[in-house]
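To start, the structure under review is shown below, and the notes come after it.
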Amino acid sequence: MTSLFEEETTLFADLILPVPIPSLFTYRVSRDITELIKVGARVIVQFGQKRVITAVVAKLHSNPPVKYQAKYILELLDEQPIITTRQLELFSWVAEYYLCNIGEVMNVALPAGLKITSQSRIQLNPEFEYEELLTDLERVILDEIKKHQTLSYEEVERLLGKSNITSIIKSLVGKRAVILYEEVKEKYKPKVVKKVKLNNSFLTNDSLVQLTSSLDKTPKQQEILLKYLSYVPVYNNPDLNQKGLDKSIFSQDNNISDAALQTLIKKGVFEQFEIFVSRFDDIPLHKAAEISLSESQQTASRQIYDLFSEKEVVLLHGITGSGKTEVYIEIIKKVLENGSQVLFLLPEIALTTQIVVRLRKVFGDTMGIYHSKFSDNERVEVWKGILDGKFQFVVGVRSAIFLPFDNLGLIIVDEEHETSYKQHEPAPRYNARDMAVIMAYMHKGKALLGSATPSLESYYHARTGRYGLVEMTQRFGNAAMPTFELIDTKKEKKQKQMKNEFSSVLRQHLEYNLKNKEQTILFQNRRGYSPYLQCEECSWISECANCDVSLTYHMKAGELRCHYCGHKEEVPRTCPNCGSTKVKTMGYGTEKIEDELLLMFPEARVQRMDLDTTRAKNAYQQIIQEFEEGGIDILVGTQMVSKGLDFDNVSMVGIFDADRIIHFPEFRASERAFQMLTQVSGRAGRRPEKPGRVLIQTANPGQPLLEKIVNNDYIGMYEAEISEREQFHYPPFTRLIKITVKHLDEAVSRRAAGILAEKLTANLGKSRVLGPQPPLVERVRNQFLFDILIKLEREKINFKAAKSFIQEKVIDILTDKTLKSIHIVIDVDCV
Ligand code: ADP
Ligand code: ZN
Ligand code: ZN
């Protein structure tokens with residue numbers, strides 16, 4: 001109790017708002033929630049004139065803000081925090097490290113289902129009396145509103161079968177016939193199951209017998225009772241009645257009358273009730289047969305475990321097919337036994353398939369799955385499941401790093417070299433692999449990074465002792481590594497042996513595989529039919545109107561598409577420049593390969609797997625399954641076909657256009673090419689009984705990188721690359737920050753980038769600041785881009801200080817009145 005003489009202190013809350021502002025906002029806590037409000041809880045507040053938004057409490061205190069009058073919190077949503085203090089720490093860390101606002105971090109971290117939307121609802125104005133003012137349509141709407149009390153926009157649209165009703169509603173508001181108000185609504189809805197159970201008075205055998213015979217004259221009702229008893233044998237065990245029976249069991253049975261069931265409920269024989277259930281119970285659960293680890297797997301997991309006693313991070317470098325998954329499982333089990341939480345990160349695309357099925361067989365429904373293709377509701381369930389202890393173990397994509405763990409013992413990052421761990425848009429531009437390492441320190445847990453082709457960064461840290469290193473050099477079951485064959489396309493072209501994109505050698509092998517019912521994967525890392533159209537007469541090339549890039553021809557869709565901005569247009573029948581009819585497709589993508597395969601091998605079952613064929617929710621999974629079951633002979637795809645897939649019957653992998661991948665103009669090209677080509681090759685011959693073969697088509701079979709790929713010589717590639725990186729000051733010896741300046745006017749963009757680069761150079765020195773220069777694609781969505789690349793030496797430079805200096809200079813440009821509507825993106829540790 002507060003004494004009469006003591007002044008009552010008001011509570012204030014510093015909130016994280018989901019908007020791009022750099023600081024927290026202070027709101028006033030009303031007395032009725034003072035006792036309830038906690039750090040980490042969600043609240044609803046008004047922000048600006050009209051917006052009602054969800055915010056999260058970061059701090060509670062009693063200091064009123066000095067610069068503004070604090071508004072009241074409108075509503076408290078959670079009595080228990082939904083964000084842990086560990087997470088709040090992490091959010092601040094991310095905002096500071098990746099130079100963005102904490103609200104942006106929260107926005108990416110929270111699943112949409114935990115955010116609140118405010119929705120306009122339409123309500124009748126009780127004082128309205130001028131119906132004669134209304135048009136016919138307005139009167140119809142008004143009648144609907146009268147019937148339903150209030151309606152949302154969408155409901156009005158649905159009722160009228162019309163869209164774009166905004167102007168009519170506006171007119172109704174203008175005539176004061178209706179009032180609009182904001183309704184705040186939580187998106188997450190628990191899944192509810194309707195059940196029935198017997199009234200407790202029928203639980204003794206006597207009363208049950210009596211009840212049954214009393215229904216002799218109403219056989220429909222009796223049948224329902226008997227059906228209930230067959231599922232829930234209460235005469236054996238009255239306790240079973242508590243759980244009841246799903247009502248759907250009756251409704252699915254055509255012989256059962258719904259009316260009869262209603263009567264029984266009315267008579268009080270059955271009681272209805274509802275329960276909340278998990279959406280994940282639908283995924284089938286088969287317990288796995290015990291697997292015993294091979295000797296090399298045992299050794300690897302023992303080494304990892306031992307290394308964890310001295311290192312926070314261990315890198316598991318195991319060749320494709322070495323059986324890393326079972327090693328992970330072994331380690332996960334141990335950590336879970338110790339009572340800590342485990343997070344297992346996978347690249348986006350790999351998550352929908354085989355590995356998750358395998359993990360679920362071992363860990364059952366104690367394992368949560370967090371994937372962006374899951375619904376909002378499902379993601380909220382994982383979030384809440386972690387908070388209330390249901391899920392100790394979660395498998396997820398990069399954003400799972402933001403889940404509310406408070407005691408992470410282990411984070412595994414599988415395929416740690418994958419660039420999909422890095423988020424590009426929007427901010428925070430975080431890398432989940434790097435965050436995993438940071439979080440291991442925060443939680444005093446461990447991080448295990450795994451790959452057959454580690455990133456140079458991680459391997460460097462392992463080599464220099466910062467991380468522990470464990471190597472697995474044999475495939476499981478002693479399956480051999482595939483044999484490689486390099487096909488000289490230049491030579492074949494001279495001898496006129498190429499048939500479009502297919503060398504004679506590749507054609508022969510395809511034929512052989514088809515005859516022997518063995519499966520093939522063909523890899524071409526470019527989707528669409530052809531990357532551009534060209535006129536033979538005047539050399540005109542199809543280009544995007546908004547970007548400086550050619551339009552890709554998509555044959556099936558019959559259109560030209562920009563892969564940067566999504567712009568689409570019809571395919572011109574004649575050259576738009578000179579009118580010639582000689583407009584030809586140039587280059588080739590997966591669609592063309594598929595097309596040619598069907599012409600060459602009409603009886604082959606060919607399937608394409610790329611972004612275009614896998615947009616639907618389960619499309620990717622279906623293709624994988626069909627391929628697994630042998631329903632596809634040849635799978636043609638982009639790098640999607642390489643991600644962690646494990647098939648029994650693939651004896652050949654064919655690679656087109658390795659040269660384009662190797663010679664991509666980027667300093668990481670060699671590393672990337674090695675990773676990509678090794679990974680896709682690794683899909684071949686994964687079983688001892690069926691050795692694999694990889695055919696690589698290249699115009700230059702003698703190039704050193706190909707030799708390393710053929711010999712599975714990761715170390716050789718590493719050593720060659722790392723010395724170049726050191727010499728030219730690239731990661732891991734430096735950290736890179738890329739600044740991209742964008743503007744609709746090229747001159748303004750160039751000038752802004754120039755001024756910024758100058759300011760940065762003045763302090764950081766010429767050797768650390770590269771550019772400004774236009775990127776590979778200079779114009780995207782009509783914005784002209786200029787990149788500035790900053791290289792900061794790892795050991796020499798105070799990274800934090802350098803970053804805040806950079807941020808300061810960027811703000812200078814953004815607030816420069818002569819450079820209006822400039823847009824600047826800062827990407828820390830760009831990849
Ligand atoms: P990686 O991820 O290292 O490429 P996987 O974990 O996919 O390799 O394992 C390769 C194959 O070997 C898989 O089909 C897997 O089921 C099988 N395998 C691995 N370890 C065992 C084991 N101990 N017992 C039986 N099969 C195993
Ligand atoms: Zn032309
Ligand atoms: Zn475009």
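Coordinate-derived values only; no laboratory data. Nothing here was measured: the structure is a model prediction, and the numbers come from that model. So basically every Cβ, Gly included, is an ideal-geometry build from the backbone, and we count neighbours across all protein chains shown.
For segment 526-664: lysine pairs with Cα atoms under 27 Å, gap of 8 or more or different chains, count?
Number of lysine pairs found: 15.
Just in segment 442-517: which trypsin sites (Lys or Arg not before Pro) are loop by DSSP and have at most 10 other Cβ atoms within 10 Å?
Loop-located and lightly packed - LYS496, LYS517.
Given a Förster distance of 35 Å, report the FRET efficiency between SER372 and ALA557 from their Cβ-Cβ distance, rounded to the nearest 0.05.
0.90
Simple spin-label model, 7 Å along Cα-to-Cβ: VAL357 to GLU96 in nm?
4.6
Relative to the longest principal axis of the chain, what angle (0 to 90°, nearest 10) does the C-alpha long axis of helix 590-600 take?
So the helix axis and the longest Cα principal axis differ by about 70 degrees.
Counting other C-beta atoms within 10 Å, and keeping those with at most 12, which DSSP coil trypsin sites (Lys or Arg not before Pro) do you find in segment 773-831?
ARG794, LYS796, LYS817, LYS820
Between ASN700 and LEU159, what length comes free when the chain is fully extended (0.36 nm per residue of separation minus the Cα-Cα distance, one decimal in nm)?
Once the chain is fully extended between ASN700 and LEU159, it gains 188.2 nm.
I'd like the FRET efficiency for ASP812 and THR574, computed as 1/(1 + (r/R0)^6) with the beta carbon distance as r and R0 of 56 Å, rounded to 0.05.
Result of the calculation: an efficiency of 0.65.
Quick one: if the Förster radius is 25 Å, what FRET efficiency do GLN46 and LYS170 give, using the C-beta to C-beta distance and rounding to 0.05?
That pair, GLN46 with LYS170, gives E of 0.65.
What is the gain in length, in nm to one decimal, between THR204 and GLU89 on full extension, counting 0.36 nm per residue of separation less the C-alpha to C-alpha distance?
The span from THR204 to GLU89 would gain 35.6 nm if fully extended.
Classify segment 463-569: rounded, prolate or oblate, from the alpha-carbon gyration tensor (a ≥ b ≥ c, eigenvalue square roots; a/c under 1.5 rounded; otherwise prolate if a/b is larger than b/c)?
Oblate shape, in that a/c is at least 1.5 and b/c is the bigger or equal ratio.
Measure nothing but the geometry: give the 0 to 90° angle between the long axis through the Cα atoms of 619-628 and the longest principal axis through the Cα atoms of the chain, rounded to 10°.
With rounding to tens, the tilt is 60 degrees.
Test of understanding: what is the full-extension gain from ILE541 to VAL39, defined as 0.36 nm times their sequence separation minus their Cα-Cα distance?
Extending this stretch completely gives an extra 174.9 nm.
As an exercise, identify the chymotrypsin sites (Phe, Trp or Tyr not before Pro) in segment 679-784 lying in DSSP coil whose Cβ has no more than 15 other Cβ atoms within 10 Å.
Loop-located and lightly packed - PHE728.
Does segment 409-465 come out rounded, prolate or oblate, given a ≥ b ≥ c as the square roots of the eigenvalues of its C-alpha gyration tensor, rounded meaning a/c under 1.5 and, failing that, prolate meaning a/b above b/c?
Because a/c hits 1.5 or more and a/b fails to exceed b/c, segment 409-465 counts as oblate.
Each label point is 7 Å from the Cα along the Cα-to-Cβ direction; what then is the distance between the points at ASN618 and GLU603, in nm?
Going from the ASN618 label point to the GLU603 one covers 3.2 nm.
For a test of understanding, tell me how many lysine pairs in segment 26-179 have Cα atoms under 19 Å apart, given they are 8 or more places apart or on different chains.
Total qualifying Lys-Lys pairs in segment 26-179 comes to 13.
If you fit an axis through the alpha-carbon atoms of helix 136-148 and take the longest principal axis of the Cα set of the chain, what angle between them do you get, 0 to 90°, nearest 10?
Once rounded, one gets 60 degrees.
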